[in-house]
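This report refers to the structure that appears directly beneath it.
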């Protein structure tokens with residue numbers, strides 16, 4: 001299905017994990033996205049980015065707002081499936097299948113190394129962990145090429161890319177062909193920081209519908225982003241649903 005023009009797959013967390021298991025048994029390269037209200041609003045304004053999202057092999061609904069948007073469109077999504085919830089499941093599959101993992105992104109180099117240590121404690125083989133390119137150097141192609149060369153040498157099977165949108169999906173689209181060993185790329189946003197312990201997730205009871213409130217309380221600087229997700233996104237969906245009637 002599509003919400004405001006962006007692909008979202010209708011599946012539960014268990015169905016998503018089953019699909020990922022099949023992907024990891026196949027040497028073909030796959031690309032996973034986790035669209036949420038903020039990502040979908042950005043994609044609506046940026047067609048080139050939306051096209052990247054819509055080429056993904058799996059797009060899990062990461063946000064309660066998407067469930068409401070689907071209902072307004074006369075469809076249904078089984079449940080919210082966040083990247084943060086999928087990451088441990090993907091790591092479990094990687095352990096079972098003895099696949100090598102690479103981490104790219106996160107808050108800073110110290111955080112990504114903490115995330116790598118956590119995954120190694122889980123039993124995963126982490127062959128690469130790099131914060132990536134700092135904001136002021138983002139347009140320096142040589143630095144991205146250096147990371148790509150390092151990843152080629154590490155020869156991972158899975159790469160978690162946590163640059164945040166739209167950078168993570170654009171990075172995957174640009175460099176995935178240069179990394180033929182990788183079976184699965186996933187743009188995982190802030191999930192690596194949760195694993196590292198540098199960011200704290202909402203209590204479990206809040207996650208299905210009110211994780212945005214938790215983020216607002218502990219990170220007030222995200223107020224504009226949360227306003228877009230909680231107010232602008234549903235208003236836009238309602239407006240578009242009326243236009244179609």
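The values are calculated or read from the model by the stated rules, or taken from the named source; none is laboratory data. A quick note: this is a predicted structure, and the numbers were derived from the prediction, not measured. Neighbour counts are summed over all protein chains in view; Cβ atoms, including those assigned to glycine, are modelled from backbone coordinates with ideal geometry.
For segment 93-111, what are the residues that are modelled with pLDDT of 95 or more and in contact with a helix residue (DSSP H, G or I) (Cβ under 8 Å, 6 or more places away or on another chain)? Correct list: 93, 94, 95, 97, 99, 100, 101, 102, 103, 104.
Looking across segment 145-164, just one residue is surrounded by fewer than 21 Cβ atoms within 10 Å (Cβ to Cβ) and closer than 27 Å to residue 44 by Cβ, and that is 164. The set of residues in segment 93-114 being under 18 Å from the mean Cα position of the chain (by Cα) and not in a helix (DSSP H, G or I) consists of 101, 102, 103, 104, 105, 106, 107, 108. Within segment 181-192, the presence of at least one residue that is modelled with pLDDT of 65 or more and farther than 23 Å from residue 81 by Cβ is confirmed.
Taking the condition at pLDDT 95 or above and assigned to a helix (DSSP H, G or I), does residue 136 pass? Taking the combined requirement at face value, the residue does not satisfy it.
Residue 176 meets the conditions (1) at pLDDT 95 or above; (2) in contact with a helix residue (DSSP H, G or I) (Cβ under 9 Å, 6 or more places away or on another chain); (3) in a helix (DSSP H, G or I) in every case but one. The failed one is (2). In this structure, does residue 126 turn out to be crowded, with 21+ Cβ neighbours inside 10 Å and without any contact (Cβ under 8 Å) to a residue 60 or more places away in the chain? Spelling it out, residue 126 is indeed crowded, with 21+ Cβ neighbours inside 10 Å and without any contact (Cβ under 8 Å) to a residue 60 or more places away in the chain.
Of the residues making up segment 17-35, one or more are closer than 18 Å to residue 231 by Cα and either in contact (Cβ under 8 Å) with a residue 12 or more places away in the chain or in contact with a helix residue (DSSP H, G or I) (Cβ under 8 Å, 6 or more places away or on another chain) (or both).
Against the list (1) over 21 Å from the mean Cα position of the chain (by Cα); (2) outside any loop (DSSP other than H, G, I, E, B); (3) without any contact (Cβ under 8 Å) to a residue 24 or more places away in the chain, the condition residue 152 fails is (3).
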